[in-house]
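What follows is a set of notes on a single structure, which appears directly below.
The values are calculated or read from the model by the stated rules, or taken from the named source; none is laboratory data. Source: prediction; values computed, not measured. Positions of Cβ are backbone-derived with ideal geometry, glycine not excepted, and every protein chain shown enters the neighbour counts. Just so you know, the surface numbers come from the protein's heavy atoms only, side chains and all, with ligands and any DNA or RNA stripped out. Shrake-Rupley method; radii C 1.70, N 1.55, O 1.52, S 1.80 Å.
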Amino acid sequence: MIEVIATEVIAINEKREVRSEKRRARKRMSSTLLEVTRASHEEVERLERLIVKELQNEPTSNKERLYQSHRVRNMIDTITSTTEKLIGIYEDNDNARKDEIAALGGQTATGINVFSAFYDRLKEIREYHRKHPIARVVDANDDYEALLKEEPQIEFSGEEALGRYLDLHELYYQYVNSKFGEFINSKSGERERIEYSAYVDVFSDTDKIPRKMKMTRQYREYIANLLEYLLYFFQRTEPLQDLDRIFSKVTTEFEENWSAGKVQGWEKKDHQENGHVPAEHAIIDLDYYSTVEELMEVGPERLKEALAALGLKTGGTVQQRAERLFVTKHTPLEKLDRKHFAKGARGVEKNGVAAVPQEDGDSKEIALMEAKMKKLCDLLEETIARTKDNVVKKQALTYEEMEAEREEEETQEDTESEDEEQQIYNPLKLPMGWDGKPIPYWLYKLHGLGQEFKCEICGNYSYWGRRAFERHFKEWRHQHGMRCLGIPNTKNFNEITSIEEAKELWKKIQQRQGVNKWRPDLEEEYEDKEGNIYNKKTYTDLQRQGLI
């Protein structure tokens, strides 16, 4: 297998060398700087057209999509390098371009002689063809068209399956063999390690790891390796994505949140919960204590926090801690014996104010790596979900079953691509079914799909078949048309497709509603003292005349 891959790589390199040799042959006559400029512009334009042509082709499988993306990426890189070379030519720092333009104009030390420059150039061209009489014109289109048929070499492990799944086994072993990768079993009370399937679920959630563990060198190496792998995997599966722009946006947002103390898992208010007590709360004002015995009343934990904030040793009994802290009342920290300080302790400022620890810079760097890692996990969300399903499925299969399934998937992809390449025979222009093929003719006749219904309210839109026509009265297109006419889309207007008919029916409905409308002047009843019943109009008239 390795020999086959090596042979393919050698063949691809030989093809590239042949193409490079052809390009050099085309540029032998392009010795002048202006000709190099013209050839570079031509190459950029050809590559741009090739990219457009490549992206117009829809890939039939995941493998073809990867190859297409990497081919486009290689062409973009070539355009970038050629453009940078053109920028250097146009900047003309050595005045070579300016001198060449002057020479073409016939400018010499003695003056301007256009004909002399022309004949000198003609002499060079004839001399070249005399030395190379069998030189032929090479069609550049054939050379560039070969780029569209090239299969880039993309390195994927067997577990990754051409970028369909993540391969996190190395990172999993690094995680479970660390202190921050262990958890305490609630039943047995013993430290245990999670399975690989559970790790795929939680590897992106670093907020549950205590901040004290995050400050270790072991965690720093782990998060750096995790970020490096996700970055490498994303570059292989999505080569057309601009990672620099994505990370630039992530860094900008991170800097704003960090300065405000709102980075998730690194909030300032969480320092004490993670075992880091802010120095301003841990420092004890010794002016209020005159003896060691008074200082002992503060308690062992408070003394330990105060000693840690000053960088002193925190061990020993309560009295030893109080004595060690009480020494700092009259003796500056700079003059204390080194034996009082803890290993690796940072210096502190005077007047009992703790200096900014060097860990702040380390914690910011680790937090930034976590932010980038989470962004990549968001971009690879579908891949992570597929990886979870694949891991769970593999746990229930034997090795033989997994190999058979893998071969079946490869065969299915090849079959699908071949089926899509074949032209579908559909002379009757039948509608397509769920499988992408024309439905049977008897089904076409059964549903009356050959019968066309037009609806003027829907903008003369055609509906094929009685079922689709009846259903469309409740769909958005018909509702929008009725709303534009100012008519409510009720059951009364079913089967009405003409605008004039809909308006006439709406007028009749409004008139009918007007006849049946309740009229209070004639129908509202009033009763006088004698028990006579009148309508509102009669009662009002009699009351005005004073008869009631």
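Can you give the net charge of the other residues whose Cβ lies under 11 Å from the Cβ of MET373, counting K and R as +1 and D and E as -1?
Here the count lands on -1.
Considering only the other residues whose Cβ falls under 14 Å of the Cβ of GLU400, what net charge follows from Lys and Arg at +1 and Asp and Glu at -1?
-3
Within a Cβ distance under 15 Å of GLU253, other residues only, what is the Lys/Arg minus Asp/Glu net charge?
Around GLU253, the charge tally is +3.
Taking all protein chains in place and a 1.4 Å probe, what share, in percent, of the accessible surface of the stretch 437-548 do carbon and sulfur account for?
About 49 percent, which is the carbon plus sulfur part of the accessible surface.
How far is it, in nm, from the label point at LEU55 to the one at GLN218 when both lie 7 Å from their Cα along the line to the Cβ?
4.8 nm
So if R0 is 22 Å, what FRET efficiency would GLU42 and GLU150 give, r being the distance between their Cβ atoms, rounded to the nearest 0.05?
0.60
Pull up the cross-link candidates among the lysines for LYS262, meaning alpha carbon to alpha carbon under 21 Å and not fewer than 8 places away within one chain.
The qualifying lysines are LYS208, LYS212, LYS214, LYS249, LYS364, LYS372, LYS374, LYS375.
Take ILE101 and LYS507, extend 7 Å from each Cα along the Cα→Cβ direction, and tell me the distance between the two endpoints in nm.
Between ILE101 and LYS507, the simple spin-label model gives 7.7 nm.
Please report, as a whole percent, how much of the solvent-accessible surface of the stretch 295-343 comes from carbon and sulfur atoms (probe radius 1.4 Å).
After summing per-atom areas, the C and S share lands at 50 percent.
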